[in-house]
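**Student:** After the C-alpha cells below, expect a handful of questions from me.
Values in this text are rule-based calculations from the coordinates and carry no lab data. Predicted model, so just to flag it, every value in this text is computed and none were measured. Neighbour counts run over all protein chains shown; Cβ positions are idealised from the backbone, glycine included.
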Amino acid sequence: MSIFTIGINHKTASLTLREQVYFALEKLPLYLQDLLARGVQEAVLLSTCNRSELYCQTHDLAQVYDWFISQTTAPRKELESALYVYRDEEAVAHMMQVACSLDSMIVGESQILGQMKTAFSESCAAGAVGNLFHRLFQQIFALAKDIRTSTAIGACPVSVASAAVHFAKQQIGTLTHANVVILGAGDTSALLIRYLKSQLATPPIIVNRSLEKAALLAEEIGGTAYSLDKLAVALAGADVVFSATGSAVPLVKKELVAEAIQARQEKPLMLIDIAVPRDIDPAVAELPVNLFCIDDLKSIIEKNRQGREHAADKAREVIRQKSAAFITEMKALDKVAYTIRAYRGQIEEICQTELIKAKQQLRQGADPAYVLDAFAYAFTQKLLHTPCVQLRQAGAEGRFELLTLVKQLFAIPDAEFERL
C-alpha cells in the first residue's frame, strides 16, 4: 500500500480551472466518507485559493484518480493536463513543501500551515486518519515549524493579503485617502485589515453575510460593518474593494456593480478579488472599472520568491532527507507488521491442525487427560522445530549474531546466556 498526492495548483492550472476543482470545508466529511467507502485507508483533502489536493493511502490509485476527476464538471482532458500525481517519497516531500509554503504562490506565506492543520483536523473528525497519517502529519507540522524558525523562509512574513495591499498601492500610488471596502470577514480579511490599518485615514467598511462577524472584525480597526444586502451601498462609495470570502459562487454580479457605477458619477473603482472560487463575476470587467484577480499579483509574488530562493533551496534539502527517512521507516514498519502476521498465521495453522486431531480423539472416546498432553506435546514440538533447525544451522555457520537476536527476541536471561 502506498501514499499518494493527487492535485492541481497555481503552477499547473488556471484560475478558471482551480475554481472548478474545489473541496468546500463544510463538505469535507462527505468527500472523505466517500473515499473511505472506495477502499482508501487514510485521506486528507486540502483546498485553498491556490491548490486542491488529496493525500491518501490506498492500493488502488486508478479508482482514486477517477474519483478526483469526477468531483468537477471540467472536461477530463483539460483537468488531466493540469493534474499531478506523486507516490511515496515524492508524495511525502510534496506535502512537506506545501506545509512549509515552498510550493505556495508566495514563498513564506504563513496561512497554508494553518489551512493544512484544519484539513487534517477535519479528516481526524471524519475518521479518515489512522496511525500512519497521524505520525506523518505530526512530522510535517513539526518540520514546517522548524523551517520557519531556522531559515529565512519565515523572515518578514508575507501573504496573498499583503501582496494584494501592495498591488493596490502600485496601482493608485497611495491608500491614505482611499475609501476601502473589504468583502468577507474570515482569516484573509483579518490579514487585510492588519496590513491596511496603518495606511488608511478612514477605517474600511467590512461587508459580510454575517453582520455579527463583520462587526467583530470592524471593531478591531474602528471600521463600519455592513450585511451583504448593503453591498451596493458600500460599492457606491468605495475607491478600492478587496474581496476574500469562502463563497462557492460569485457574490458581486455585473448588474450590482453597474447599479453602483450610476451613483458614483464616474469616480474610478478598483476591485481586487483574491478569493478562489472568485467572489466577483469576471463579467464585471466589461464595465468601466479596474478588476483584478489573485493571478494578477504575480509580479509582486515573483519578486518575493527570488528574495527567498536561497533559503528555499536549503529547506528543500532538509525535506528531501526527511521524506526519504519517513518512507524508509514506513517500509520497515510494514515489514515488521507482515512478519508478525505471517508468524501468527503459522502458529494458528499448527494449532488448528493439532486441535482437529485432538477433537477427533475425544470423539473416539480417548482419555481427555491423554489427549491434552498429546496436543500440548505435538504443538510444542512443531512450534519449535523450524526455529531450532535455523539456530543449529546458524551456529554451524558461525552466525552467532543470530543467537544474540534470538536472546533479545525471547527475553532469555543474560546471566544464563553469558555462562555458556
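**Student:** Compute for the range 228-348: radius of gyration divided by Kirkwood radius, i.e. Rg/Rh, restricted to C-alpha atoms, rounded to two decimals.
**Tutor:** Taking Rg over the Kirkwood Rh, I get 1.39.
**Student:** Give me Rg over Rh for the range 160-299, both radii from the alpha carbons and Rh done the Kirkwood way, two decimal places.
**Tutor:** Computed over Cα atoms, the ratio is 0.91.
**Student:** Would you work out which of Leu15, Val107, Leu136 lies farthest towards the positive end of the dipole of the range 2-154? Charges go on Cβ: Lys and Arg +1, Asp and Glu -1.
**Tutor:** The one lying farthest along the dipole's positive direction is Val107.
**Student:** If you don't mind, another one. Considering the chain, what Rg and Dmax in Å follow from its alpha-carbon atoms?
**Tutor:** 30.9, 108
**Student:** Compute the distance from the alpha-carbon center of the range 266-340 to that of the range 175-237, in whole Å.
**Tutor:** So the separation of the two Cα centres works out to 26 Å.
**Student:** Another question, then. What residues have an amide H closer than 5 Å to that of Ala225, excluding those fewer than 5 places away on the same chain, when H is modeled at 1.01 Å from N in the peptide plane?
**Tutor:** Ile206
**Student:** Taking R0 as 51 Å, what FRET efficiency do you get between Gln364 and Lys331 from their Cβ-Cβ distance, rounded to the nearest 0.05?
**Tutor:** The value I calculate is 0.55.
**Student:** Also, quick follow-up: Counting Lys and Arg as +1 and Asp and Glu as -1, what is the net charge of the other residues whose Cβ lies under 15 Å from the Cβ of Leu17?
**Tutor:** Result for the neighbourhood of Leu17: +1.
**Student:** On to the next question. Could you order the peptides 210-220, 179-189 from most to least packed, using the average number of other C-beta atoms within 10 Å per residue?
**Tutor:** Averaged packing, sorted descending, gives the order 179-189, 210-220.
**Student:** Now for a different question. Which Cα, out of Tyr55, Pro75, Phe120, lies furthest along the positive dipole direction of the range 2-154 (beta carbon charges, K/R +1, D/E -1)?
**Tutor:** The residue sitting most towards the positive pole is Phe120.
**Student:** Then there's this: Choose one of Leu211, Ala168, Cys293: the residue whose Cα lies farthest towards the positive end of the charge dipole of the range 160-299 (beta-carbon charges +1 Lys, Arg; -1 Asp, Glu; about the Cα centre).
**Tutor:** Checking the options against the dipole of the range 160-299, the answer is Ala168.
**Student:** Using the Cα centre of the chain as the reference point, and only Cβ charges (+1 on K/R, -1 on D/E), how large is the resulting charge dipole? Debye, rounded to the nearest 20.
**Tutor:** 380 debye
**Student:** Please arrange Cys388, Cys351 by how many other C-beta atoms lie within 10 Å of their C-beta, fewest to most.
**Tutor:** Cys388, Cys351
**Student:** Rounded to the nearest 0.05, what FRET efficiency is calculated for Asp146 and Ala394 with R0 set to 41 Å and r the Cβ-Cβ distance?
**Tutor:** Efficiency at R0 = 41 Å is approximately 0.40.
**Student:** Let me ask something additional. Please list, in order, the residues from the range 77-117 whose amide nitrogen is less than 19 Å from a point placed 7 Å along the Cα→Cβ vector of Asp187.
**Tutor:** Counting only backbone N, you get 95-117.
**Student:** Could I ask something else about it? When Lys and Arg each count +1 and Asp and Glu each count -1, what net charge do the other residues less than 13 Å away from Ala337, Cβ to Cβ, add up to?
**Tutor:** Within the 13 Å Cβ shell, the charges total +2.
**Student:** In addition: Charges only on Cβ, +1 for Lys and Arg, -1 for Asp and Glu: so what's the dipole of the range 350-409 about the Cα centre, in debye to the nearest 20?
**Tutor:** So the dipole magnitude of the range 350-409 works out to roughly 120 debye.
**Student:** Compare the peptides 158-166, 136-144 by average per-residue count of other Cβ atoms within 10 angstrom and give them in order, highest first.
**Tutor:** 158-166, 136-144
**Student:** If R₀ is 25 angstrom, what is the calculated FRET efficiency for the pair Val249 and Leu83, using the beta carbon separation as r and rounding to 0.05?
**Tutor:** Efficiency computed from Cβ-Cβ geometry: 0.55.
**Student:** So, counting K/R as plus one and D/E as minus one, what does the shell of residues with Cβ under 15 Å around Ala62 add up to?
**Tutor:** 0
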